[in-house]
1. Ignoring ligands, DNA and RNA, what percent of the 1.4 Å accessible area of the range 9-48 is carbon and sulfur?
2. Of all chymotrypsin sites (Phe, Trp or Tyr not before Pro) in the range 158-192, which ones are in loop regions per DSSP and have a Cβ with at most 14 other Cβ atoms within 10 Å?
3. For D25 and S135 in one chain, what is 0.36 nm times their gap in residues minus the Cα-Cα distance, to one decimal in nm?
4. Can you list, largest first and rounded to whole Å, the semi-axes you get for the chain by taking the square root of 5 times each eigenvalue of its Cα gyration tensor?
5. Extending each Cα 7 Å along its Cβ direction at E105 and N299, get the distance between those two points in nm, one decimal.
6. Using a 1.4 Å probe, how large is the accessible area of M157, given in Å² and rounded to the nearest 10?
7. Say the cut-off is 19 Å between C-alpha atoms; which of K32/K68; K114/K160; K148/K294 go over it?
8. Using the heavy atoms of the protein chains and a 1.4 angstrom probe, tell me the accessible area per residue for the chain in square angstrom.
Amino acid sequence: MSIQSNMQRILITGGLGQVGSYLVDALHEKAKVTVLDNYSSTTREAVPQDVHVIKGDIKDEIAANLVKQSDVVIHTAAQISVTASMENPLFDAQNNIFGTLNLLEAARNSAISKFVYISSAAVYGNTLYTPITESHPQDPLSPYGASKLTGEKYCMMYNKAFGLPSCCIRPFNIYSPRQDPHNPYSGVISRFIEKAKAKQSPVIFGDGAQTRDFISVHDIVDMICLLIENENANGHVFNAGTGKSTTVTELASMILNTFDVDVPIQYMPERPGDIKYSCSDISSAKKILGFEPKVSLENGLMEFAKCK
Ligand code: UD2
């Protein structure tokens, strides 16, 4: 048998998206990677040649067939916009709940060794205390948060009821140069960097004292790789953050320094529904997975500066 045929078959749903595309880069030389993506949001220009890309939807039969032909499934595909979920909760649920269920149901009687589900820190809703542990109350403030939580619950239920080797992560604020700054739903880091490149003022909503736990996509990929290897992770949900919080004003200053731009920060009224403080407790991921975030925010921001 050749080495090639011994390789794990990994299916990455949403493999052209932000997290999925970096996973592809990290895994395609070690495993036989297949991407299922509906091309709804991609900033990826070229996919490595050894990766099989299939255009299709997680709700369709093709997705179920691909799951059955895989050893590992990493499910990153989702409707990712909080705002869009508020406008069309049914569309959100069809993707994030029924799409996930379609994959889980296909995985139920298959021989897969791992099903990784990418949830969101949006499941927590308003922060009652920081750092936020996985047992913090989960009271989502949007259909998106509710659908992500439902997806998690199904993953954990399939583990308990059917023995599926599934686990979930709840990423905090992920950033990477592959986040499209022109997308209205994209994160504060991409927006501030776009402004800095144009030598324009970053716009802060509110007083800038709000905090976030910004995690590089590379650390998210590291955590997912640890999950694939670790049987003790099955049946668990892990916060995916750095455990460090940064105020939005600090972030704006760091970005202006990184890009060597001297412009004043502009302040606008607070965004309705904005959460004030957010920071993850990652003790569980440290203990069970041996996870340690490696990319400091300073170095993560430098990566953007090197890109263009
Ligand atoms: C994050 C997720 C979102 C959902 C939510 C749950 C991202 C991009 N979004 O929203 O999907 O999971 O958490 O709580 O990860 N801000 C500015 N100026 C700007 C843009 C943003 O001041 O130009 C502020 C914004 O008001 C907020 C903070 O920066 O206080 C972070 O905003 P964000 O949109 O990057 O992410 P967040 O935490 O609201």
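1. Carbon plus sulfur share of accessible area: 45 percent.
2. On the way: sites: Y158, F162, F172, Y175, Y185, F192; in loops: F172, Y185.
When the chymotrypsin sites (Phe, Trp or Tyr not before Pro) of the range 158-192 are filtered for loop state and at most 14 Cβ neighbours within 10 Å, Y185 remain.
3. Numbers: separation 110, 0.36 × 110 = 39.60 nm, distance 3.26 nm.
Once the chain is fully extended between D25 and S135, it gains 36.3 nm.
4. In descending order the semi-axes read 32, 22, 18 Å.
5. 4.4
6. 70
7. K148/K294
8. 47
The values are calculated or read from the model by the stated rules, or taken from the named source; none is laboratory data. Predicted, not measured: the structure shown is a model, and the values here were computed from it. Ideal geometry is used to build each Cβ from the backbone, glycine not excepted, and the neighbour counts take in all protein chains shown. Calculation scope for accessible area: heavy atoms of the full protein, side chains included, ligands and nucleic acids excluded. Shrake-Rupley method; radii C 1.70, N 1.55, O 1.52, S 1.80 Å.
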